[in-house]
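Beneath this line is the structure, given in C-alpha cells, with notes to follow.
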C-alpha cells in the first residue's frame, strides 16, 4: 500500500494541528512576569488578552530577544514589548491557509480563534510547514494574497499536489475548500462595508459544484441567501440592505475570478435571496410547475449547503426539500427524466463521443460523464434521506441504506474519481497551453490504460443513471 502523501494534511482543518493554549495575561502585566509565565508553561510565547479573553497582542521568544533583553526594565508592561495586532485563524480554515499566513507574515505562532475571538489553541510554524514540500511553497505563498491571486494560484497548487501523489478527488476537495473560504471572506467584507448590522440574520447558500465540494478550476457563481422571516412591513428596509450587500458580494466574487452566473443564480438576483418561508414556497412552486427553468433551478439548488452564518436554516431547508420530493413523486420523476437527457460520452460502438465543434474530437466528460453521475446520485440520495451534498458521500449513504450494494458504491466512487481526474488534468493542460480551461477532454492523448479505465467508468455511470431513471420514473430507458 502506498503511503499517504504528507501534503494530504493540507486538506485538514487547521484545528487538527494546533497545540496547547499559551498563557494569556493582561496587557499591563510586567514583562518580567510574562517571561516567567512563559518559562513555567514551557511555552514559546504568551498572549496579551483583553477582559473578554481575546488576544490583543503576542510576546514571543523572538520579541524578548529583540525588544526586552537589555532594553526594557522588568517592570515594563507587556504591552510595551508585544506584537500587535494578533493575526489569527478560524477553526473552519484549512491548514493550507495557516501555512500561507505563517509564511506571508513571517510568523512562528498563529493562534486559533473561536467565534468570539478567544484563543483555543496555537499553531506553530515548524509543525505546519511539515505538510508542505518545497514544490508547493510558492503556490501556498500566493494563497495569502488578495482574492484574485488566491484564485489564480489554484492551478499551480493543483499541479503540485497531483505531483505529490494526491488524488484528483483530494485536490478538488482542497480547491473547493479554498473557494468556499474565499466566499466567506468576501461576504464578511461586503457586510462590514455597511454602516448598520444585518437587518435580520441570514445564511449564505453555496450551490452547484461548490455546494457539493466538487469545484474544478473554472466555476461560475451559484449562491443565495436564506433570511430569517421578518414582518412584511419591514420589507423595503430589509431588502435595501441585502440588495446592497449581495451586489457588493457578487461583484467582488466576479473580480476574484468567479464569473457571474449566466442563469442569474446569485444572491444579487431576488429569486435567490429569500426568507425561510419564501424558500419553502419557492420549492413548492418548482414542484408544481415541473418544467423549463423550474427544473433547471431545482437541479442547481438541491446541491446547496451553508457557506456562512448559522447552518441551521440550510439544514431545515434540506429536510423540507427531502420531504417535498417524497410527497411529490411526479416532481422527482420529471427531474429524473430531464437528467436522463444528458447522455453518456460513449458511442454505440463503445468509442468516445465527439463533442468538440470543428475538426477536433474531444469528449465533454463533465456534461456526459460527471453530470449524469452527480444527477443520479443527487435524486437517489434525496429520495433515500441522505442529507450529505457531496457525490461520494451520497453514494456511500445509498449503500448504507441498502439502495445500492457496497460494491456498486465503490465502483461508482471509483468512476467519479476517474472522471474527475481526467477533467482536472485536461484543465491544467489547457491552462499550460494558454487556453481557457473547460470540460472537453482529449481522450486520444491518454495512455491506453487510462482510456480503458475511463471507458469502464462511463459504463458504470451509464448503468447507474439508467437504473435510477427507471426507478424514479417507472419507465425503461
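The values are calculated or read from the model by the stated rules, or taken from the named source; none is laboratory data. On a predicted model such as this, the values are computed, not experimentally measured, just so you know. Don't worry about glycine lacking a Cβ; one is built from the backbone with ideal geometry, like all the others, and counts go over all protein chains shown.
Is it the case that some residue within segment 327-344 is within 27 Å of the chain's Cα centre (by Cα), part of a helix (DSSP H, G or I) and within 30 Å of residue 446 (Cα to Cα)? Taking every residue of segment 327-344 in turn, at least one turns out to be within 27 Å of the chain's Cα centre (by Cα), part of a helix (DSSP H, G or I) and within 30 Å of residue 446 (Cα to Cα).
Each row is one residue, and each column tells you yes or no for (1) surrounded by 21 or more Cβ atoms within 10 Å (Cβ to Cβ); (2) outside the structural domain of residue 23 (by TED's automatic domain parsing); (3) assigned to a loop (DSSP other than H, G, I, E, B).
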site: 79; (1), (2), (3): no, no, no
site: 87; (1), (2), (3): no, no, yes
site: 97; (1), (2), (3): yes, no, no
site: 100; (1), (2), (3): yes, no, no
site: 103; (1), (2), (3): no, no, no
site: 106; (1), (2), (3): no, no, yes
site: 112; (1), (2), (3): yes, no, no
site: 116; (1), (2), (3): no, no, yes
site: 121; (1), (2), (3): no, no, no
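Of the numbered criteria (1) touching a residue at least 24 places away in the same chain (Cβ under 8 Å); (2) more than 16 Å from residue 372 (Cα to Cα), the one residue 464 fails is (2). Within this structure, residue 365 passes the test of being closer than 29 Å to residue 180 by Cα and in contact with a strand residue (DSSP E or B) (Cβ under 9 Å, 6 or more places away or on another chain). Here residue 418 passes the criteria (1) assigned to a helix (DSSP H, G or I); (2) touching a helix residue (DSSP H, G or I) at 6+ places or on another chain (Cβ under 6 Å); (3) at pLDDT below 95 except the one numbered (3). Within segment 449-477, being surrounded by fewer than 11 Cβ atoms within 10 Å (Cβ to Cβ) and closer than 24 Å to residue 158 by Cα holds for one residue alone: 449. Only one entry in 156, 213, 177, 263 is closer than 18 Å to residue 96 by Cβ and without any contact (Cβ under 8 Å) to a residue 60 or more places away in the chain, namely 156. Scanning segment 43-73 for residues that are over 13 Å from residue 108 (Cβ atoms) and under 37 Å from the mean Cα position of the chain (by Cα) yields 46, 47, 48, 49, 50, 51, 52, 53, 54, 55, 56, 57.
Okay, residues lined up against (1) under 30 Å from residue 318 (Cβ atoms); (2) in the same structural domain as residue 401 (by TED's automatic domain parsing); (3) surrounded by 21 or more Cβ atoms within 10 Å (Cβ to Cβ):
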site: 343; (1), (2), (3): yes, yes, no
site: 348; (1), (2), (3): no, yes, no
site: 361; (1), (2), (3): no, yes, no
site: 365; (1), (2), (3): yes, yes, yes
site: 376; (1), (2), (3): yes, yes, yes
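Comparison of 399, 415 shows that the only residue that is within 20 Å of residue 449 (Cα to Cα) and either surrounded by 22 or more Cβ atoms within 10 Å (Cβ to Cβ) or out of contact with any strand residue (DSSP E or B) (no Cβ under 6 Å at 6 or more places or on another chain) (or both) is 415. Scanning segment 433-449 for residues being assigned to a helix (DSSP H, G or I) and over 14 Å from residue 365 (Cα atoms) gives a total of 3. In the condition set (1) modelled with pLDDT under 95; (2) under 20 Å from residue 173 (Cα atoms); (3) assigned to a helix (DSSP H, G or I), residue 388 is compliant with all but (3). When residue 385 is tested against (1) surrounded by fewer than 15 Cβ atoms within 10 Å (Cβ to Cβ); (2) under 23 Å from the mean Cα position of the chain (by Cα); (3) within 30 Å of residue 200 (Cα to Cα), only condition (3) is not met. Taking the criterion of being part of a loop (DSSP other than H, G, I, E, B) and under 23 Å from residue 125 (Cα atoms), the residues of segment 8-61 that qualify are 12, 18, 20, 21, 22, 23, 41, 42, 43, 44, 54. Inspection of segment 454-477 finds a residue satisfying the criterion of being closer than 13 Å to residue 376 by Cβ and not in a helix (DSSP H, G or I).
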